[in-house]
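A.B. asks: The structure follows.
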Amino acid sequence: MRIIELPDNPRISFIKWSRDSQKLAFTLTQTTGLELWVLYIADGTTKRLTEPVLNAAYGTPYRWFDDETLICKFVSHNRGELPTQSNIPPGPLIQENLGNKKTNSYLYKFTQKFL
């Protein structure tokens with residue numbers, strides 16, 4: 001049994017074998033983003049390949065191109081700040097009166113005036 005060196009409490013995702021099954025690529029989720037790591041099966045060593053810059057917004061952030069090459073999707077280094085939370089409500093405010101409270105009945109008064 002081998003012990004694999006990783007940071008404490010790793011959150012691993014997007015695990016993919018190389019075509020020759022000699023390497024295992026995976027991502028570690030950090031507080032600032034996704035890092036790409038590789039595990040070398042022959043000796044059990046791991047290596048971090050990227051800083052937390054992978055982009056998984058539209059699916060898998062990387063793919064094996066061949067046994068030695070990975071193609072990665074990165075977060076743009078010149079992206080802006082995160083958008084601020086909108087003040088617009090997510091939908092209409094729906095209220096229901098089941099006869100327990102008095103409400104303004106302007107429409108009722110308006111229609112009674114013309115009937």
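The values are calculated or read from the model by the stated rules, or taken from the named source; none is laboratory data. Values in this document were obtained by computation on a predicted structure and should not be read as measured data. FYI the Cβ positions are ideal-geometry reconstructions off the backbone, even for glycines, and counts take in every protein chain you see.
A.B. asks: Assess whether residue 50 counts as being in contact with a strand residue (DSSP E or B) (Cβ under 9 Å, 6 or more places away or on another chain) and either surrounded by fewer than 12 Cβ atoms within 10 Å (Cβ to Cβ) or assigned to a strand (DSSP E or B) (or both).
C.D. replies: No.
A.B. asks: Identify all residues within segment 43-58 that are modelled with pLDDT of 90 or more and either among the small types (Gly, Ala, Ser) or at positive phi (or both); write none if there are none.
C.D. replies: Matches in segment 43-58: 56 only.
A.B. asks: Please give the number of the condition residue 36 fails out of (1) of a type outside the set (D, E, K, R); (2) under 14 Å from the mean Cα position of the chain (by Cα); (3) part of a strand (DSSP E or B).
C.D. replies: (2)
A.B. asks: So residue 13 clears everything in (1) touching a strand residue (DSSP E or B) at 6+ places or on another chain (Cβ under 8 Å); (2) assigned to a loop (DSSP other than H, G, I, E, B); (3) not β-branched (Val, Ile, Thr) except one condition, right? Which one?
C.D. replies: Only one criterion is unmet by residue 13, namely (2).
A.B. asks: When the residues of segment 20-42 are narrowed to those that are under 23 Å from residue 8 (Cα atoms) and of a type in the set (D, E, K, R), which ends up modelled with the highest pLDDT?
C.D. replies: Per the stated criteria, the residue is 23.
A.B. asks: Would you point out the residue of segment 1-34, among those that are of a type in the set (Val, Ile, Thr) and under 21 Å from residue 55 (Cα atoms), that is surrounded by the most Cβ atoms within 10 Å (Cβ to Cβ)?
C.D. replies: Taking the candidates together, the pick is 27.
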